[in-house]
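Below: the structure, in structure tokens.
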Amino acid sequence: MHNEIPASTSDISVDWLNERLADDSDVGTIVGMEREPLGVGVGILGELARLKLTYASGHSGPATLIAKCQSAFPENIALSQAMGFYVREINFYNQIASQVTMRVPHCYAADMAPGGVPFVLLLEEVTEARMVDQLDGASRADCERVIESMSTLHARFWESDELYALDWLPPMNNDLYKGAAAIQAALWDGFVARWDGRLPGRVLECMPEITSRYGQLLDWWADQGNATFTHTDCRADNYLFGGSAGDGVTTVLDFQLCTRHVGVWDIANFLGASITTENRRAWEDDLVRGYHAQLLAKGVGADYTFERCWRDYRYCLLQQAWALTVIADLDPGNERGRALLDAMTMRPFQAVEDLQSWENLDELI
């Protein structure tokens, strides 16, 4: 049967596309397709391909689609199933994408089998868009565009009944995330051996204390309230600026890691790693204030004060630095990958040092 969910992008055929998209009035009859793999050797959790489409005479539709399927590697599929990564993204496009005013790619199909695999996404390709080189870092204007998109998402779901009804959206204090403490403890000595002398010493000193009570930290976050729908993977690679979406439009990508958490996590995630340390120091106070003001303007209660928002921002940076100790020594594959991973590690650690985010650590754990 053509409507079976493809296990890889190479399993997508013209017949399958026509059957799956038969009810979509924006897509005519397809008579030809070329598949172009994307991100070969880069994708970890999923496989991407560009589908170049040819239509029957008198028919029209998008010239290209982006197809996303499960990873080609069994161990990555197992991890994604255990963590619910595929389930989250499919449910986002089926349930949430049409309810938010931030720009995401138009979804033509989002299907999955029970348990999340196999799955398939067919998404709009935003062409001629600009992406930020994470090594160079985002500009201030780009930061403001990201904050506008995230504040729109966060305000929409802030402490709402609808948020808590999303049973597929895990809270930050779920059991699997708590299990990261054991992984971090096993990797800690190797991390210190590589990074000692390159990262702020005081920040390194507090990491074992966080590890020993990491579950308590995650429960502390949940107890604080002010939860919302968070993207949770806010880095430069997941934003497209302009292009076919329109001048000045920001398109947000990749919702496999979305969670229920405090919204400023996304802001800390972006400012902590996707801009240079010098620019973060110069801009972060204004940018976080701007984020908080947008929340209030979009309906978040005034009881979420700027002081609370700033405290949460500092603590999010601390937890994000801790989380990087689990992945910072992965093999990045090439010199540029190494430079990216180093920047993504060093920048948040320096942010924690600059803001002394370890202060009042007993409040968290």
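The values are calculated or read from the model by the stated rules, or taken from the named source; none is laboratory data. What you see is a predicted model, and the numbers here were worked out from it, not measured in a lab. Cβ placement follows ideal geometry from the backbone for every residue including glycine, while neighbour counts extend to all protein chains displayed. Side chains included, ligands, DNA and RNA excluded: accessible areas come from the protein's heavy atoms. Shrake-Rupley method; radii C 1.70, N 1.55, O 1.52, S 1.80 Å.
Here are the numbers for this structure:
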item	result
Test result for T232, hydroxyl-bearing (S, T, Y), out of contact with any Pro (no Cβ under 8 Å at 6 or more places or on another chain), within 16 Å of L317 (Cβ to Cβ) and open to solvent by 10 Å² or more (accessible area, probe 1.4 Å)	yes
Residue tally, condition surrounded by 21 or more Cβ atoms within 10 Å (Cβ to Cβ) and farther than 16 Å from W358 by Cα, over the stretch 272-286	5
In the stretch 111-157, the residues that are open to solvent by less than 40 Å² (accessible area, probe 1.4 Å) and on the phi > 0 side of the Ramachandran plot	G116, G137
Qualifying position, being acidic (D, E) and closer than 25 Å to N91 by Cβ, among D286, D266, D312, D303	D266
Selection status of Q356, on the phi > 0 side of the Ramachandran plot, out of contact with any His (no Cβ under 9 Å at 6 or more places or on another chain), polar (S, T, N, Q) and open to solvent by 40 Å² or more (accessible area, probe 1.4 Å)	yes
Residue check for W265: under 18 Å from R156 (Cα atoms), in contact (Cβ under 8 Å) with a residue 40 or more places away in the chain and in contact with a Cys (Cβ under 7 Å, 6 or more places away or on another chain)	yes
Any chance Y55 is among the aromatic types (F, W, Y) and within 17 Å of the chain's Cα centre (by Cα)	no
Evaluation of L187 against (1) over 27 Å from E284 (Cα atoms); (2) at pLDDT below 95; (3) open to solvent by less than 30 Å² (accessible area, probe 1.4 Å) (one fails), failing number	(3)
Residues of the stretch 213-233 that turn out to be within 30 Å of D133 (Cα to Cα), modelled with pLDDT of 95 or more and in a loop (DSSP other than H, G, I, E, B), as a count	2
Failed condition for K52, given (1) within 30 Å of E162 (Cα to Cα); (2) open to solvent by 70 Å² or more (accessible area, probe 1.4 Å); (3) basic (K, R)	(1)
Residues of the stretch 243-271 classified as open to solvent by 10 Å² or more (accessible area, probe 1.4 Å) and either assigned to a loop (DSSP other than H, G, I, E, B) or at pLDDT below 95 (or both), total	7
Any pair with Cβ under 6 angstrom, 6 or more apart, that starts in the stretch 47-58 at a residue that is more than 22 Å from P105 (Cα to Cα) and ends at one that is at pLDDT 95 or above and not in a strand (DSSP E or B)	A56/T29
Selection from the stretch 296-306 of residues that are more than 11 Å from S151 (Cβ to Cβ) and open to solvent by 40 Å² or more (accessible area, probe 1.4 Å)	A302, D303, T305
Breaking point among (1) open to solvent by 20 Å² or more (accessible area, probe 1.4 Å); (2) touching a residue at least 24 places away in the same chain (Cβ under 8 Å); (3) within 23 Å of H292 (Cα to Cα), for W168	(3)
Given (1) at pLDDT 95 or above; (2) over 20 Å from the mean Cα position of the chain (by Cα), number of the condition L364 does not satisfy	(1)
Leading residue by the ranking (nearest to L51 (Cα to Cα)) among those in the stretch 67-83 that are buried (at least 20 other Cβ atoms within 10 Å of the Cβ) and not basic (K, R)	A67
Flag for L287 being under 16 Å from the mean Cα position of the chain (by Cα), at pLDDT 95 or above and more than 15 Å from C316 (Cα to Cα)	no
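Per-residue answers, yes or no, for (1) at pLDDT 95 or above; (2) surrounded by fewer than 13 Cβ atoms within 10 Å (Cβ to Cβ); (3) within 21 Å of R198 (Cα to Cα); (4) in contact with a Phe, Trp or Tyr (Cβ under 8 Å, 6 or more places away or on another chain):
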| site | (1), (2), (3), (4) |
| --- | --- |
| Q294 | yes, no, no, no |
| C309 | yes, no, no, yes |
| L324 | no, no, yes, yes |
| N334 | no, yes, yes, no |
| T345 | no, no, yes, yes |
| Q350 | yes, no, yes, no |
